[in-house]
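The values are calculated or read from the model by the stated rules, or taken from the named source; none is laboratory data. Just so you know, these numbers come straight off a predicted model, no measurement behind them. Cβ placement follows ideal geometry from the backbone for every residue including glycine, while neighbour counts extend to all protein chains displayed. Heads up: the accessible areas ignore ligands, DNA and RNA and are worked out on the full protein's heavy atoms, side chains in. Shrake-Rupley method; radii C 1.70, N 1.55, O 1.52, S 1.80 Å.
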Amino acid sequence: MAPSATGEPSPMHLPVLSKASSINASVLHGPRDLRLERRTIDEPGIGELQVAVKTTGICGSDVSYYKKFANGDLCACMPLSLGHESSGTVVAIGSQVSGFSIGDRVALEVGIPCGQCGICRKGRYNLCKKMRFRSSAKSVPHFQGTLQERINHPAAWCHKLPDSISFDAAALLEPLSVAIHAVNRASPTPGSTALVLGAGTVGLLTAAMARQSGCSTVTITDVDQGRVDYAVAKGFATHGYVVPRPLHTSSSSSSICSDSTSGASTPLDGMMTPASTLSFQSQLESAKSLAADMLALTNASTPMLVEDEDDGVDVTFECTGKEVCMHTSLYATRPGGKVIMVGMGTPIQTLPMSVAHLREIDILGIFRYANTYATGIRLLCAQKKGATAGFTLPSLDEMVTHRFKGLDNAKGAFELASRTVDDNGNLVLKVVIEA
């Protein structure tokens, strides 16, 4: 039967008119100059979804921008919304998008490559020279981050989530992706031994992924006793080693072998590092001694089948970006092993290259991640189902130690994320801002 005329046109057949609406956004204008502002957002364009952001985790790079208006050698030159570890719900769908519905829960992969260059066609799109990454000052105008009520984002880079994965855990898929990519680059064989320097968010997740890949022992190190204890107690690592702190001037300062801006929340300022007080040769001797102490911890609990195997670990993941930790990594890795550079810190470093050269140690870099979100979602699904055999990824929800409600509380969240403990002496690991 044909529908009767009612005088009221069906909404399904009305043309979609592009119109803008107003949203709140947290916007950084300079060092520690964070403002809540109103912005205009258009309806999603071709191939885009509009996502209401539910959770955003604060990364070490976000903290660096917040404190310095810069991250390494990338200096912001215009107002910038921070945030790139995010999840949310679909509230509008642009044209030429299929497979999504209003209300779908999604994790956001916030690096948008060109998709056309040779690197992209090879699947290594994280290395695309035209990559635009949210909350980064690399591209101009800056690609605004996710600390906004809603954003328009390419549907191709929105990953649907099952109801079993929380928005907080989904936001942490971003640092988990860094860990997955690092372990993929390392390709450890089952039964390998691994060392992770730095127990921030990325370091913890890298240790967990090393265990997931079949490493028999995974030792994690940091200057912070609380983080090392947490790593071992929650099953991220099998062993933990607390690095003695050198002299520093602030109780909240980071030190040797603590996570860098690649997922860490430990600041670098206010510290007197070994590099500023010791000769280079002394630094190397100190690093060699530290590596021996780390290895002794694992060797004491793991009987060696062959005496000369007592030379180091198969894979070292350097998650701090600090020169002295790279020294330690080289000395801690066995001949024929690998050092994976995960942390992004000191851009120019002096290394004892002969240690790697004469012992055939491979030094591999990683930059963000590629083709990892589907893997991360599958791992979280298996975690929720409770795998009965093998290693199960520890809870990502429990990694969130502090939650702030609303963008108007963003400044407090960034200040806390700059510390390792809160005012009550509790561990600060991952700080998130929730809608």
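Within the range 134-176, name every residue whose backbone N is under 14 Å away from a label modeled 7 Å from Cα of residue 36 along the Cβ vector.
Taking a point 7 Å out along Cα→Cβ of residue 36, the residues of the range 134-176 whose backbone N falls under 14 Å are 148-149.
For the chain, find the longest principal axis of its Cα atoms and tell me its angle to the long axis of helix 173-186, 0 to 90°, nearest 10.
For helix 173-186, the angle is close to 40 degrees.
Under a straight-distance cross-link criterion of Cα-Cα below 16 Å, which lysines are reachable from residue 411, leaving out those fewer than 8 residues away in the same chain?
Those lysines meeting the cut-off are 67, 68, 430.
Given a 1.4 angstrom probe, I'd like the percentage of the accessible area of the chain that is carbon and sulfur, rounded to a whole number.
Here carbon and sulfur together make up 55 percent of the probe-accessible area.
Please work out the average accessible area per residue across the chain, using the 1.4 Å probe convention, and give it in Å².
The answer is 44 Å² per residue.
How much accessible surface area, in Å² rounded to 10, belongs to the heavy atoms of residue 187 with a 1.4 Å probe?
Result for residue 187: roughly 70 Å² accessible.
With n ≥ 4 as the cut-off for DSSP H runs, can you work out [θ] at 222 nm for the chain, using -39500 (n - 2.57) per run divided by the number of residues, rounded to the nearest 500?
Rounded to the nearest 500, the figure is -7500 deg cm²/dmol.
Mind giving me the FRET efficiency for residue 282 and residue 77? R0 is 45 Å, r the Cβ-Cβ distance, nearest 0.05 is fine.
For residue 282 and residue 77, the calculated efficiency is 0.65.
From Cα coordinates alone, what are the radius of gyration and Dmax values for the chain in angstrom?
22.9, 90
Normalised by the residues of the range 143-251, what does the relative contact order come to in percent, with Cα pairs under 8 Å and at least six apart?
19 percent
Evaluate E = 1/(1 + (r/R0)^6) for residue 156 and residue 415, where r is the Cβ-Cβ distance and R0 equals 22 Å; express this FRET efficiency to the nearest 0.05.
0.05
Out of all DSSP beta bridges in the range 107-251, what portion is antiparallel? Express it as a percent rounded to 5.
In the range 107-251, approximately 35 percent of DSSP beta bridges are antiparallel ones.
Can you give the % of DSSP beta bridges in the chain that are antiparallel, to the nearest 5?
If I count the DSSP bridges inside the chain, around 60 percent turn out antiparallel.
Determine how large the accessible area of residue 367 is when every protein chain is in place; take a 1.4 Å probe and give Å² rounded to the nearest 10.
Counting only protein heavy atoms, the figure is 60 Å².
How far apart, in nm, are the 7 Å Cα→Cβ label points at residue 384 and residue 127?
3.5 nm
Please list, in chain and number order, the residues 5+ apart from residue 240 or on another chain whose amide H is under 5 Å from its amide H, with Hs placed from the backbone.
220
Could you give me the radius of gyration and the Dmax of the range 155-200, taking only the C-alpha atoms into account and expressing both in angstrom?
Radius of gyration, then largest Cα-Cα span, for the range 155-200: 14.1, 39 Å.
Go ahead and set up a Gaussian network model of the chain, Cα springs under 10 Å, then flag whichever of 70, 52, 20 fluctuates most.
Highest fluctuation of the listed residues: 20.
Can you pull the accessible area of residue 219 for me, 1.4 Å probe, Å² to the nearest 10?
0 Å²
Mind pulling the per residue volume of the convex hull built on the Cα atoms of the range 289-435? Å³ is fine.
About 202 Å³ per residue, rounded to a whole number.
On a 0 to 90 degree scale, rounded to 10, what angle separates helix 201-212 from the longest Cα axis of the chain?
With rounding to tens, the tilt is 80 degrees.
Would you mind telling me which residue in 222, 62, 408 has the biggest mean-square fluctuation in a Gaussian network model of the chain, where springs connect alpha carbons within a distance under 10 angstrom?
Between 222, 62, 408, it is 408 that shows the largest mean-square fluctuation.
If one takes the longest principal axis of the Cα atoms in the chain, at what angle in degrees, from 0 to 90 and to the nearest 10, does the Cα axis of helix 280-301 lie?
Helix 280-301 sits roughly 90 degrees off the main axis of the chain.
Hey, any idea what Rg/Rh is for the range 116-179, computing Rh the Kirkwood way over Cα pairs?
Rounded to two decimals, Rg over Rh is 0.99.
Could you compute how fast the range 390-434 diffuses translationally, taking Rh as the Kirkwood radius over C-alpha pairs and applying Stokes-Einstein at 4 °C with viscosity 1.567 mPa s? Give it in µm² per second.
In µm²/s, the coefficient is 113.
Multiply the residue separation of residue 21 and residue 364 by 0.36 nm, subtract the distance between their alpha-carbon atoms, and state the gained length in nm to one decimal.
118.9 nm
Which residue fluctuates most in the GNM of the chain (Cα springs below 10 Å): 152, 299, 126?
For the chain, modelled as a Gaussian network with Cα springs under 10 Å, the answer is 299.
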